[in-house]
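First the structure, in the form of structure tokens, and then the observations on it.
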Amino acid sequence: MSQFVPTTAVPHIDDARIAIVSAEWNAHITGPLSQGAAETLIASGVNPDDVVHFTVPGTVELTFAASKLIESGDYDAIIVIGCVIKGDTPHFDYVCQSVTQGITHLNAECDIPVIFGVLTVLDEQQALDRTGGCHGHKGCEAAETALKMIAFNRSI
């Protein structure tokens, strides 16, 4: 399995406001992912006051929250954080499809990047492995992606 290796340095971004929206469901996973994202942003030079946290009940609600935050015009990027663990019913498929299509739609139609920090895993161990374990920290990676996308957006 490959691990994320940045191909370019994480840019320093001045005067960026970034929203992190995390799902309350599977909070033992989404909490550390959100914390890692915030710590990475701050370590990269974003003012702590410009990293704003929001929560929603579940992963499906992330699309609605991101849409409202885009409409506010207050943010340069939005990071959505969720964790969907496969169970015995097709609910996993519906939730994953819904949030993926929703965030993809926002990215295609809106001027603010929405960063997909949603884990879609088969079991809890896979989620833990991606929350600072053997597969890195997907919250930190989402923050780096947000900074790169803000730089991209400002460059065009």
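The values are calculated or read from the model by the stated rules, or taken from the named source; none is laboratory data. Note that the structure is a prediction, hence the values are computed from the model and not measured. Note that we place each Cβ from the backbone using ideal geometry, even for glycine, and neighbour counts take in every protein chain shown. SASA here: full protein model, heavy atoms, side chains in, ligands and nucleic acids out. Shrake-Rupley method; radii C 1.70, N 1.55, O 1.52, S 1.80 Å.
Among the residues of region 120-132, the ones that are open to solvent by 10 Å² or more (accessible area, probe 1.4 Å) and either more than 23 Å from residue 35 (Cβ to Cβ) or aliphatic (A, V, I, L, M) (or both) come to 2 in all. A search for C-beta distances below 7 Å between a residue of region 90-110 that is closer than 20 Å to residue 121 by Cβ and any residue that is surrounded by 12 or more Cβ atoms within 10 Å (Cβ to Cβ) and hydroxyl-bearing (Ser, Thr, Tyr), counting only pairs 6+ apart in sequence or on different chains, returns 95/59; 96/120; 99/59; 99/63; 102/63; 103/63. Here residue 85 passes the criteria (1) over 14 Å from residue 115 (Cα atoms); (2) aliphatic (A, V, I, L, M); (3) touching a Pro at 6+ places or on another chain (Cβ under 6 Å) except the one numbered (3).
The set of residues from region 38-60 being in contact with a helix residue (DSSP H, G or I) (Cβ under 7 Å, 6 or more places away or on another chain), outside any loop (DSSP other than H, G, I, E, B) and among the polar types (S, T, N, Q) comprises just one member, 40. Among residues of region 121-148 that are free of Cβ contacts under 8 Å to residues at least 12 places away in the same chain and more than 20 Å from residue 100 (Cβ to Cβ), those with a beta-carbon under 9 Å from a residue that is among the polar types (S, T, N, Q) and not in a helix (DSSP H, G or I) at least six positions away or on a different chain give the pairs 134/3.
Residues that are over 13 Å from the mean Cα position of the chain (by Cα), among the aromatic types (Phe, Trp, Tyr) and loosely packed, with under 13 Cβ neighbours inside 10 Å: does region 68-86 have at least one? No, region 68-86 contains no residue that is over 13 Å from the mean Cα position of the chain (by Cα), among the aromatic types (Phe, Trp, Tyr) and loosely packed, with under 13 Cβ neighbours inside 10 Å. Need the failing condition index for residue 34 against (1) more than 11 Å from the chain's Cα centre (by Cα); (2) over 28 Å from residue 156 (Cα atoms); (3) touching a residue at least 24 places away in the same chain (Cβ under 8 Å), just the number. Of everything listed in (1) more than 11 Å from the chain's Cα centre (by Cα); (2) over 28 Å from residue 156 (Cα atoms); (3) touching a residue at least 24 places away in the same chain (Cβ under 8 Å), residue 34 misses just condition (1). Here residue 146 fulfils each of the conditions (1) in a helix (DSSP H, G or I); (2) under 20 Å from residue 17 (Cα atoms); (3) open to solvent by 50 Å² or more (accessible area, probe 1.4 Å); (4) at pLDDT 95 or above apart from (3). Scanning region 94-106 for any residue that is closer than 28 Å to residue 13 by Cα and aromatic (Phe, Trp, Tyr) turns up nothing.
Restricting attention to region 87-107, the residues that are open to solvent by 70 Å² or more (accessible area, probe 1.4 Å) and of a type in the set (Phe, Trp, Tyr) add up to 1. On the given criteria, is residue 42 at pLDDT 85 or above, at negative phi and touching a Ser or Thr at 6+ places or on another chain (Cβ under 9 Å)? In short, no. Is it true that some residue in region 11-23 is within 16 Å of residue 118 (Cα to Cα) and open to solvent by 10 Å² or more (accessible area, probe 1.4 Å)? Within region 11-23, one or more residues are within 16 Å of residue 118 (Cα to Cα) and open to solvent by 10 Å² or more (accessible area, probe 1.4 Å).
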